[in-house]
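Every read-out reported here was derived from the displayed coordinates using simple, explicitly stated rules and does not represent laboratory data. Values in this document were obtained by computation on a predicted structure and should not be read as measured data. Don't worry about glycine lacking a Cβ; one is built from the backbone with ideal geometry, like all the others, and counts go over all protein chains shown.
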Amino acid sequence: MLTFRASAAPFAAVSNLLPRAASRLSIATLACVAVFTLASCERPAASVQAEAKPAPVETFSPPQDVFQRDARAMVGISYPPGLERFPALARILVAHAQERRAALAAALEKTPRPAVPFELTLRFSTVADAPRMFAVTADEELYTGGTASRPGRTVFLWLPAENRLLTPEEMIPNPAAWSRLHEQIRQSHREESASLSAPANERAMQRVFVPRFNSAGRIAGLRFRTDNGDEIEVPGGELKALVAPAYASWFEDAPVAAAAPTIATATP
């Protein structure tokens, strides 16, 4: 009877080598996986560090005055000091100046060689500087031919706490309130000026005003400007009932009428 005892040893040796090889293979595989994992983890960290770099801070430079002159036109623009406190407002003023310069350029396109140089004068002035409001006026003189220049005024009412402009219609939203206010302005204008070159009702119908603040930071009055440059002020106490409720507390109270003095009479 044939037996195969001698041949079992080689198979046993091979079987003993298999676990060792498998263990070596698994260790190598785990090492590769660990290296790959570490490398993949380092990439997001590097990208996060790159994204974490602070963005460069944009510096703001206040607008500079402009004076330009040639044979065709002259441009003069002046800005008030203190605009570095309100960069957004300063950009709005610069945009307004560019719009007015565009109007001058359009006139020059129609008249390339004017007999008299055209002119644009734009003066920005601070008219109110209070915690609740920073107001700037833009007084303009635009000459594009003819016998006289065309004056104009634009008022910019800036709310520092909200970093935005306030429109006159937002402060006085009711059209009936504007009608009442205009009637009061016309009446005041008639009383202050006896002779007018134009009817008062044609001169005061403007929704442009400048606030005047008192020492307590409240609006003591609104000054309205007529076409000829006259200014009429409406007291804050009279305006309080006309403005939007959100701004009523900004106006000072109406003055209390003084009581008529009593006259003592002697009894007989």
Geometric extent, Cα atoms of region 58-166 - Rg, Dmax (angstrom) | 15.5, 49
Want the number for GLU119 to ARG85: 0.36 nm per residue separation, take away the alpha-carbon distance, what's left?
-> 9.2 nm
With labels modelled as points extended 7 Å from the Cα through the Cβ direction, what inter-label distance (nm, one decimal) is found for ASP65 paired with ALA216?
-> 3.9
For LEU165 paired with GLN187, estimate the spin-label separation in nm (one decimal), with each label point 7 Å from Cα along the Cα-to-Cβ line.
-> 3.3
Determine the gain in length on full extension of the stretch ALA148-ASP129; use 0.36 nm per residue of separation and subtract their C-alpha separation, reporting nm with one decimal.
-> 3.5 nm
